[in-house]
Amino acid sequence: MAVDIYQSLWQEFAVEAGEHLDRLEPLLVGIEAGPAAGIDATLVATLFRGMHSIKGMAAALTLRGMERVSHHAEHLLGEVRDGRCVLDAAMAGLLLEVVDELKRLREQSVRIRADVPASEGLMARLTAARGSLETGKSGGPGAKSAGEPLEFGGAGFGAAVAAAKEAAGKGAAAKAAADGGAESHPVHPDHAALGRYVEAIRPRLPALAKMVGAELEAVPVRATVRLALEAVREGARLLGFPEVVRTTETLSALMPLEGALDYYAREQAIDALAVLRREVATLEAATGSDGGGQELDAALNAALTTDYNARRRALLDVLARHDHEPKAFAKGGTAILRATALAGDIYNHFAFLYNANAGRLLLMIEDALGHAARGDLVLTPELIGLVRKTLTDLAPASGKPLRDIDPARSAETLAAFEAVLRQAESALFPGQSIEEDDETLVAGRQYLIELGATPAMLDLLNKKQLCETAEAVSGGRHRLWEITAALEEAEDKAERFAIWLEKHGRALTSRATPGVSALSFQFLVLTAEDDTAVLSGLAGIDPEGRMLSARRCGAALATASAPLPVEHAIKVPVAVPAQVLTEAHGAGQGAAAPVSSNILRVPGEVVDHFLSVIGEMVMVGSMLDDAVWGDDHRSRLPADLRRLVKEMRSHGGADPAHLEALNRLAVVQDQRNRDLRKAREGLASTLGRLQDAALELRVVPVETVFARLPRLARDLAASHGKQVRVEVDGRGVRIDKGMVDQLLDPLIHMVRNAIDHGIELPEERAAAGKAAVATLSVRAGQRENRVVIEVADDGRGLDAEAIRRRAVERGLVGDATSRLLRDSDLYRLILAPGFSTADTVTETSGRGVGMDVVHTGVNRLGGTIDIQSEPGRGAVITLRLPLSAAIQDVLLVDVDGRLHAIPVRHLLELTRAKPDQIQLVHGQTVMLLHGSLLPVFRLTALLDGGGGPLPGSELPIVVLGDGRRRLGLQVDRVVRRQELFVRDIHPRVAAIPGIGGAALLGDGKVVLIIDGADLFQLAEDRERSVPVRPAPRVSAARGRLGGRGHGKSP
Amino acid sequence: MTSVMIVDDSVMMRSVIAEIVQADPDFNVVGRAGNGCEALEKLRASDCDIVLLDIEMPRMDGLEALRHLRLISKAKVIVVSSSAHAGSRTAVEARREGAFAVIPKPSGTVSLDLGQKKGHEILEACRKAAGLSGNA
């Protein structure tokens, strides 16, 4: 069991750290490629957080190598964040090295499950980078006081000062060494100097006990005490312990010019000495050497015996009142308050109790009394008896200092206290039927454990809770869940989780998830809700399942072991329900979260491979299709045979047996064809379902994307003085994981646009007779194989006339033409780049980039945009998107012996150019197609940056269009059309212009997928580099408004 | 105004505790930290009057932090921890190391009901530690 936990811990670590690194890498690559632009605070914060998380995880597993590297990187990023240095290409490069190194360390550490040292070369470079940032910030800590004149001499004192001086002198170097090496020591970076300080005060410290004795009257004694105080203080000052300085200053100030301390000064000195004793204890513990603390204890014990005993007796006197007036010991009673105060006072006062077993017992007494005073436990006669007995035991022999009791006896007494306290606690719940009914208790606990509750969690419950829980669960009214929450993942999620817990259940107890970096917590939750409600509630908070995982105690335990080193896991429901694609409209329920609570973590690669194999199967299916339907000869064969038989009969002379055989052949062939068709149809539908089911493996609830919008809208509305209520409804619609990021940007801009331009100020709304609080709704639905997302507001709607004027102003459309356009066409103009109707440029929108982003983003996803508006009533923007961006319908083409995939959604037509259609105009090959000139490139030449004339004119030309532009690509051969599963590719590859992704064919061949949008850019760049030429009229054939966004469905 | 730092490894608990403390206008939450190391770093940079300290935390736990912070900070420490139940050794240990008060969390490490069940007690301890009289 323990081993399993250990294994899963390492796996979790591997996955989490991998995810962080994968996220950081492309960001850094982006910065390295194009520095300065686009480096904003968020980006830096993301990088910083990522490094911080990795550091935390590594620290939790004591992977010092990773911890060191990430610590340095985090530090650098912290400097960037705080504006002390710039994240330039060089630093990004260094940080990329860090990422590479962390990847290496992670992989090796996970494999051997132990720390792997970091590359010293990289560490040196990181330290150097840090050092170069820190020049100018020189001057070690405490350097300022190093030169202060010192009045007193003496061996111990001198040594203390010398040690501290040395420490101060070495401060900077020591600090650098500590930073470069292990984590700096929490007490002081220069361990050696600290050790010398502690040793130096050892001979001096015990003298301080004399401060509270009568011998202080003697002048030499006062000098010794002063000297001791100076020694302790000066060292502390140089090493940088302000509180030690303060304590000794307090003591110095109490020192009389002559005579001993008066009563009040003495009391204060006793207190201050107790404080100093604890401070010294820290120093002693940190260095492992004796700083004179114990000797001071003994001296103080001797000096303060009378004081201690007086207070101890006072406490006993108060407790004696319990015999005749127990009420005074109830919650808030006078006697108990007095007793608590006395008990605390005894311990806090008498420094010599710090390390004594007697001290621990006195504290136990104080703690118990304190809880009784607050009503946390009932002061039972047993408890009060034990307290009194213990106090009596702690009496010093007459005239002698307190003799500490031996550890065995104190342990015995402590155990007795604990037993009595447990009783006292359960006495808090009188009237419960659980009084000492241990059998019920044990049975209840056993029952819950059998259900699958973690025993250690149950141990955190008190008897009452345990009994109640067992009863509630066994009665079927409630269910018990163990929910693990990585609460640091996202604060807003944590907040929502807290709210959910409050509303839907009761957190009985919680603890840090054992073995995991303590940022993860386990809750034992009792709820009356059914599994589906709980799971969908949790999924609503954390759609990706990154923060929360839940297990119902009592659910069938399907264990899933993942023996592979997990590379990149995604969570999938174990049983993939054959998702019926429903019209999620009106019902408002849609597909709920998976009912099963069994979540399998599967390496992402397995799923990806699975998907590409399915892609291949679909392809084989279509080949079979060709074989079945495409072979005219075979399908015609039966009919041909029958015709043959008929003709042979009419000609006569044929052997009837032969004719019969031919007839049978026709019948058999007919049957075979029918079977083939049936099989093919069956295969097609099975493949379709398989593909749908497989896609489920990569989907996440659309709420994942929506989750950020309400907050954004609120903030934005507030900054504009507008009021808006945001309704978000994902209706259980799920989208491909790969679409999440791409969809977020467009949605953010749509929400911004609605709030900036659509929603009116509250007073305007009131004047128009609308509610002051506007409503903005973001809804998703599913129609067949499309996701439909609707962003609707009840604002002022789009002003068609304003849009028309602006579009004309911007030269997007001619004045005359514009007047012919219908409103719905005018609305679409806001999607044009550079279009903005805002009269003022605001911080967030009005720069005319917003809706263009929507257009580009949605296009990239292969979706369409529809805009509707009713003046004064609001606007609705509807996006229709394919279910998955991961499966792409592509045309496979062969150019120069390499396979390339061209997304079908950019495909306009396939053609072949006759020689007379091809011309060279100003160095650019063009082709006359449908009456306009089409620039034509050889695909490989365009990608490679070459150019020039085409090798042959009879080769196929693939015509692509993005609604605005068209271009022709010459290829050697069109292979086939097929669905491919697109993989994420390394950012360095993705950065190659024209390449949008990669896919694997069933035979393991890699196909690069062309990025259509990139290709148009490349073509434009090329055309620009070609000397003066007439602009090809690329858009004439496409739609009224340059064909923006029309006909885009793949 | 009494300045308060909250040290707990759970973000949720930090905000729950902050809510409790900030209900009293005499207190101002000036810092939050997720473990002992972070708390010490912050206290070195700027001291405060009261530290509300969890015990079980990664990197450096509350008891260790308690031992170290007394060298550098004047702050009074109130321990708020699920392991500090009445008479527990943790509670005793925390007092030994100089905690001003020790208050147990009612429902484990992340006790969202802390405000309802212990809010008053926490505020009372804070007021006492700050030398403020009377109830919040």
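The values are calculated or read from the model by the stated rules, or taken from the named source; none is laboratory data. Please read all numbers here as calculations on a predicted model, not as lab measurements. Backbone-built Cβ (ideal geometry, glycine too); neighbour counts: all protein chains shown.
So here's what we get for this one:
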item	result
Options A:Gly136, A:Gly140, A:Gly147, A:Gly131: the member that is at pLDDT below 85, surrounded by 12 or more Cβ atoms within 10 Å (Cβ to Cβ) and assigned to a loop (DSSP other than H, G, I, E, B)	A:Gly140
Residue in region A:345-364 that is without any contact (Cβ under 8 Å) to a residue 60 or more places away in the chain, within 14 Å of chain B (Cβ to nearest Cβ), out of contact with any Cys (no Cβ under 9 Å at 6 or more places or on another chain) and farther than 22 Å from A:Leu296 by Cα present	yes
Selected residue (only one of B:Leu40, B:Leu71, B:Leu63 is outside any loop (DSSP other than H, G, I, E, B) and either among the small types (Gly, Ala, Ser) or more than 8 Å from chain A (Cβ to nearest Cβ) (or both))	B:Leu63
Condition met for A:Arg226 (touching a residue at least 40 places away in the same chain (Cβ under 8 Å) and among the basic types (Lys, Arg))	yes
Residue under evaluation A:Leu361, criteria (1) under 47 Å from the mean Cα position of the chain (by Cα); (2) modelled with pLDDT under 85; (3) of a type outside the set (Val, Ile, Thr), criterion not met	(2)
Cross-chain or 6+ apart pairs with Cβ under 9 Å, region A:500-512 first and free of Cβ contacts under 8 Å to residues at least 40 places away in the same chain, then surrounded by fewer than 19 Cβ atoms within 10 Å (Cβ to Cβ) and assigned to a helix (DSSP H, G or I)	A:His504/A:Ala533
Residues satisfying the stated conditions in region A:463-513, i.e. among the β-branched types (Val, Ile, Thr), surrounded by fewer than 19 Cβ atoms within 10 Å (Cβ to Cβ) and more than 10 Å from chain B (Cβ to nearest Cβ)	A:Thr484
Conditions (1) assigned to a loop (DSSP other than H, G, I, E, B); (2) farther than 19 Å from A:Leu421 by Cα; (3) within 50 Å of the chain's Cα centre (by Cα): number failed by A:Ala408	(1)
Residue list for region A:873-898, restricted to those being in a strand (DSSP E or B), modelled with pLDDT under 85 and farther than 24 Å from A:His855 by Cβ	A:Arg898
Output for region B:13-37, where each listed residue is more than 14 Å from chain A (Cβ to nearest Cβ) and in a loop (DSSP other than H, G, I, E, B)	B:Ala23, B:Asp24, B:Pro25, B:Asp26
Some residue of region A:635-646 being among the basic types (Lys, Arg), in contact (Cβ under 8 Å) with a residue 12 or more places away in the chain, out of contact with any Asp or Glu (no Cβ under 8 Å at 6 or more places or on another chain) and not assigned by TED's automatic domain parsing to the domain that holds A:Val1007	yes
A:Asp393, sole failed condition from (1) touching a Ser or Thr at 6+ places or on another chain (Cβ under 9 Å); (2) acidic (Asp, Glu); (3) buried (at least 20 other Cβ atoms within 10 Å of the Cβ)	(3)
Residue in region A:284-329 that is farthest from the chain's Cα centre (by Cα), counting only those that are acidic (Asp, Glu) and surrounded by 16 or more Cβ atoms within 10 Å (Cβ to Cβ)	A:Asp307
Hey, B:Val51 out of contact with any Ser or Thr (no Cβ under 6 Å at 6 or more places or on another chain), within 28 Å of A:Ile365 (Cβ to Cβ) and more than 11 Å from chain A (Cβ to nearest Cβ) or not	yes
Scan of region A:356-380 for residues that are over 15 Å from A:Ile346 (Cα atoms) and part of a helix (DSSP H, G or I), ordered by number	A:His371, A:Ala372, A:Ala373, A:Arg374
Wholly within region A:929-1026, strands (runs of 3 or more DSSP E) carrying at least 3 residues that are at pLDDT below 75 and not aromatic (Phe, Trp, Tyr)	A:973-983, A:995-1000
Only listed residue being at pLDDT below 80, out of contact with any Pro (no Cβ under 6 Å at 6 or more places or on another chain) and either surrounded by 21 or more Cβ atoms within 10 Å (Cβ to Cβ) or within 14 Å of chain B (Cβ to nearest Cβ) (or both), chosen from A:Met57, A:Met1, A:Met51	A:Met57
